1. Could you check the simple spin-label distance between residue 119 and residue 92, using points 7 Å along Cα→Cβ, in nm with one decimal?
2. Karplus couplings for region 67-74 from phi (6.51 cos²θ - 1.76 cosθ + 1.60, θ = phi - 60°), rounded to Hz, Gly and Pro as x?
3. Per residue of region 14-22, in order, report the coupling 6.51 cos²θ - 1.76 cosθ + 1.60 (Karplus, θ = phi - 60°) as ³J(HN,Hα) in whole Hz, putting x for Gly and Pro.
4. Output the relative contact order of region 28-182, whole-number percent, from Cα pairs under 8 angstrom with separation of 6+ residues.
5. With a 10 Å Cβ neighbour count serving as the proxy for reagent exposure, in which order, fewest first, do 132, 179 appear?
6. Could you tally the net charge around residue 121, taking each other residue with its Cβ under 15 Å from the Cβ of residue 121, Lys/Arg +1 and Asp/Glu -1?
7. Can you work out ³J(HN,Hα) from phi for every residue in region 39-49, in order, using Karplus 6.51 cos²θ - 1.76 cosθ + 1.60 and θ = phi - 60°, giving whole Hz and x for Gly and Pro?
8. Using only Cα atoms, figure out Rg for region 3-213 and give it as a multiple of 2.2 N^0.38 Å.
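Coordinate-derived values only; no laboratory data. The shown structure was predicted, so the numbers you read here are calculated from the model rather than taken from an experiment. In this analysis, Cβ positions are derived from the backbone assuming ideal geometry, glycine residues included, and neighbour counts consider all displayed protein chains.
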Amino acid sequence: MTSGGFFERLQMGLWEDNPGLVQLLGLCPLLAVTTTLVNGLGLGVATLVVLACSNALVSATRRWIRQEIRIPIYVLIIASLVTCIELIFKAWFPALDRSLGIFIPLIVTNCAIVARAEIFASRNPVGASIADGIGMGLGFALLLMAIGAFRELVGQASILSGFDMLIGGEPFAGFSFADSGLLLAILPPGAFFALALAVALKNSLDHRRRRERR
């Protein structure tokens, strides 16, 4: 695959066809764990790795997967990768694993991963499928991080709280900017408001860009 093709797939995942902003897939973990930037980063990286690797494996084995059983095979591949990621989190990032809880195993049920396996990886070569997985996974991860950072800033008036879950050491409360924030931002309704603002911002920027082109 050419470098142009790689960057095209990367752009599609980051902006034009972002799983969270455009396709609105994988909203359960997106809304549930993005109370902090660190949580969003942890789940985003895990999803990115699973998405890229599952795309590669599905593409490499697509000629031997029978049409009638393709979805169970995709789920089996994804579940195997998620199990590996979960064991890595438990071994090296136990605090982050406890913070994310059930949402690491639930990556298996993320519609975005199964959708990319069915729509793209099963019909394209390995290189293009890896690029698609990286683009879509990176777009989803950046959205998780952005919403997590926004909710943490507004809800707790701090940023990078719990960073010790990534690097170890003493508990780190983050960089605080005030004594307290708006509690609503870190409650479930705050997740919907944050996602709505992100979608509205993207649509506004796209509309402005189309208007400038005309």
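1. 3.1
2. For region 67-74, the Karplus-derived couplings read 4, 5, 10, 5, 5, x, 5, 4 Hz, x marking Gly and Pro.
3. 6, 9, 5, 10, 3, x, x, 7, 9
4. Dividing the mean separation by the residue count of region 28-182 yields 40 percent.
5. Taking fewest neighbouring Cβ atoms as first place, the list is 179, 132.
6. Working: positive: 9, 62, 63, 70, 116, 123; negative: 17, 118, 132.
Counting the neighbours of residue 121, the net charge comes to +3.
7. 4, x, 5, x, 5, x, 5, 4, 5, 4, 5
8. Compared with the compact-globule rule of thumb, region 3-213 sits at 1.07.
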